[in-house]
Amino acid sequence: MIPALTASLATWGATAVGAALVFVLPRLPVRGMAALLGIAAVLMGWAAIAGLLWPALTGAREAGVPGLAGAVAAVAAGAWAVSAIRRRLAAVTGHGPVLGRQMALVMTLHHVPEGMALGLAVAAASQGETGSAAALVLAMVVHNAAEGALVSIPLRREGMSRGRAWMVGQGSGVAEVAGALLGAAAAGFAAAVLPWALAAAGGAMLAVVVGDLLPELRALGWGVRIPAALR
Ligand SMILES: [Zn+2]
């Protein structure tokens, strides 16, 4: 619990620092926003593969269970769960026409599964189940700093005061702490299924990249089009 709490407090702090960019660069051009989104997407994809899926496969192999089929199923389950939650929420909230509010919503919500993945990986590593989670935490710290700025800067551009825009930006990171504690708790009583839990968390993170970050990048006029069926 303690390592997961520490790691998620670090990522929340990074979100707050990133959101504070609004005080320095309140008018970041679209190209800069796209660069931040690209950084966030690449780091998250890397964290999902190197920090979650790889330890999941290694853990499964060490436990002597056939890894690949189970891992693929778990990844698909995690991705499906995130996608299902997103569709349900979109039905309730609609798709916001204003970038800042949409970013605030997307970033806040995805920090729950992201935090669970982080908490799970950190707790697993601290129990000696898998390798070190330090690189994963570092990647997520930088990733969250970019995301904090992605919330606060559009809000400022759309007329919110800098102070409020920062508050909303850093607030989007709080969900990660709650998620991390949930993930760490799951790692505690689910040691036997830990590789599958890690794989599902990796799938959830990849779903956030494909379903949230890349479409936002596309909305800014950059990147590739993601077919609706894949989100
Ligand atoms: Zn994120």
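The values are calculated or read from the model by the stated rules, or taken from the named source; none is laboratory data. Just so it is clear, the model here is predicted, and its values are computed rather than measured. Side chains are part of the model used for accessible areas, which takes the heavy atoms of the whole protein and leaves out ligands, DNA and RNA. Shrake-Rupley method; radii C 1.70, N 1.55, O 1.52, S 1.80 Å.
Which angle between 0 and 90 degrees, to the nearest 10, do you get for helix 162-171 versus the longest principal axis of the chain when only C-alpha atoms count?
The helix 162-171 is inclined about 10 degrees to the chain.
Per residue, how large is the accessible surface of the chain? Use a 1.4 angstrom probe and give square angstrom.
Value for the chain: 46 Å² per residue.
From the C-alpha gyration tensor of the range 96-221, pull out the three semi-axes of the equivalent ellipsoid (sqrt of 5λ each), sorted largest to smallest, in whole Å.
That gives 30, 14, 11 Å for the three semi-axes.
Given 10 °C and 1.306 mPa s, how large is the Stokes-Einstein diffusion coefficient of the range 11-69 in µm²/s, with Rh as the Kirkwood radius over Cα pairs?
112
Quick one: what does P(r) look like for the chain with 5 Å bins over all Cα pairs, in whole %?
P(r) over the chain, rounded to whole percents: 1, 8, 15, 20, 19, 15, 11, 6, 3, 1, 0, 0.
Roughly how tilted is helix 174-189, in degrees to the nearest 10 and between 0 and 90, from the longest Cα axis of the chain?
10
For ALA20, list long-range residues whose amide hydrogen, built 1.01 Å from N in the peptide plane, is under 5 Å from its own amide hydrogen.
none
Using alpha carbon centroids, what distance separates the range 149-214 and the range 1-51, in Å?
10
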